[in-house]
Amino acid sequence: MSEIEDEVLSLHQEFDWLLQEEVTVILEQLHDIILECARRFPASEELYGVESLVKSEKFLLSTTSSTGGSVTDNIQALVTLVGDDICYADIVLKLHKHSIPSHRTIVQNDCQWKLQQIQDAGRHLSNALQIFSSLPSTNSKGKLTFHSAEEVVHVVNSLMGCLQRGRSALLIPKKRTINELQRSRNVKSLQPPLPPDLAVSFYVQSHKLVFAVYHILSKESKGPPKFDVFQAESSVPWLSEVLVLFSVSLQLCQQLKNKVSVFAQYKEMNVT
């Protein structure tokens, strides 16, 4: 047998082992990691039959930055967070430029503030877990019966798409106009309502919960309004855990994709 034939045979054997053994093992690991991530989101027990890690936690968000403000300005929010819900928040604003320098408003239990980013991330995780329910059947040894590199890569690409969208939902908050913020249904949870020249927003950025206040200084007939911006934030430990699990899952996906993609180059040798 020639050296080339030996190499082709070796590739056949390695590819068979990869499809029959390693792909199944890695996909099982991926499923476990994604499921562990999902435990930190609401309804994991009902949806996936695993114990939920969601709990009520309190965070104090205090001023970290401002644009156009002064050292006497201060915003603070004592927040109770349960999964994707801010079920209570005691908000105090002290803005020296405002006609009413001090404001206090509350998010109450009966009208909660929803964090859409966390809802979106959880939905993408759910989509990733659904992919596992449509994998090929298993053989007598309990191994998945993939027949080609392309088949595996398709599954991995689908998983990576869900995971990347889920992670991005937490890393990159959607930009909203002042008008959109003021018309948000979440604003209805504030009691008493804020003056019309103030807009507020809670959002997630990476592992942090951020509270932003916008003091509208003028509304021009043309162009966007001018405003000062104030931010307060706090680190949320379970969001850090979620981002780590997203990253580990994506790394594992990429490693599997790299291994399997090598064999897609050998179609002419009938390796696949």
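Read-outs throughout are calculated quantities, based only on the coordinates presented, and are distinct from any laboratory measurement. Since the structure is predicted, the reported quantities are computational estimates derived from the model, not experimental observations. In this analysis, Cβ positions are derived from the backbone assuming ideal geometry, glycine residues included, and neighbour counts consider all displayed protein chains.
For each of E233, E46, count neighbouring Cβ atoms within 10 Å of the residue's Cβ, then give the residues from fewest to most.
By the 10 Å Cβ count, ascending, the order reads E46, E233.
From zero outward in steps of 5 Å, how is the percent of C-alpha pairs of the range 82-139 spread across the bins?
4, 14, 12, 12, 11, 12, 9, 7, 5, 4, 3, 2, 1, 1, 0
Through the Karplus equation 6.51 cos²θ - 1.76 cosθ + 1.60, θ set to phi - 60°, convert the phi angles of the range 226-240 into ³J(HN,Hα) values in whole Hz; use x for Gly and Pro.
In residue order, the calculated couplings are 8, 7, 8, 10, 10, 10, 10, 8, 8, 6, 10, x, 5, 5, 4 Hz.
Charges only on Cβ, +1 for Lys and Arg, -1 for Asp and Glu: so what's the dipole of the range 63-175 about the Cα centre, in debye to the nearest 20?
Value, rounded to 20: 180 debye.
With the cut-off at 25 Å, tell me which of the pairs K94/K188; K55/K208; K58/K226 have Cα atoms farther apart than that.
Over 25 Å Cα-Cα: K58/K226.
Could you calculate the contour length gain from Q119 to V229, that is, 0.36 nm times the residue separation minus the distance between their Cα atoms, to one decimal place in nm?
37.0 nm
Along the charge dipole of the chain, pointing to its positive end and built from +1/-1 on Cβ of Lys, Arg, Asp and Glu, which listed residue (L47, L171, V155) has its Cα farthest out?
Ranked along the dipole, the leading option is L171.
Calculate the dipole size of the range 117-272 relative to its Cα centre from +1 charges on Lys and Arg beta carbons and -1 charges on Asp and Glu beta carbons; express the result in debye to the nearest 20.
With Lys and Arg at +1 and Asp and Glu at -1, about 200 debye.
Nearest 0.05, what FRET efficiency do L135 and S56 give at R0 = 45 Å with Cβ-Cβ as r?
The pair L135/S56 has a calculated efficiency of 0.80.
So if R0 is 22 Å, what FRET efficiency would E180 and Q205 give, r being the distance between their Cβ atoms, rounded to the nearest 0.05?
0.80
Please compute the length gained on full extension between Q254 and W17, using 0.36 nm multiplied by the number of residues separating them and subtracting their Cα-Cα distance.
Result for the pair: 83.4 nm of gain on full extension.
Using Cβ counts within 10 Å as a stand-in for footprinting exposure, how do K175, K94 rank, fewest first?
K175, K94
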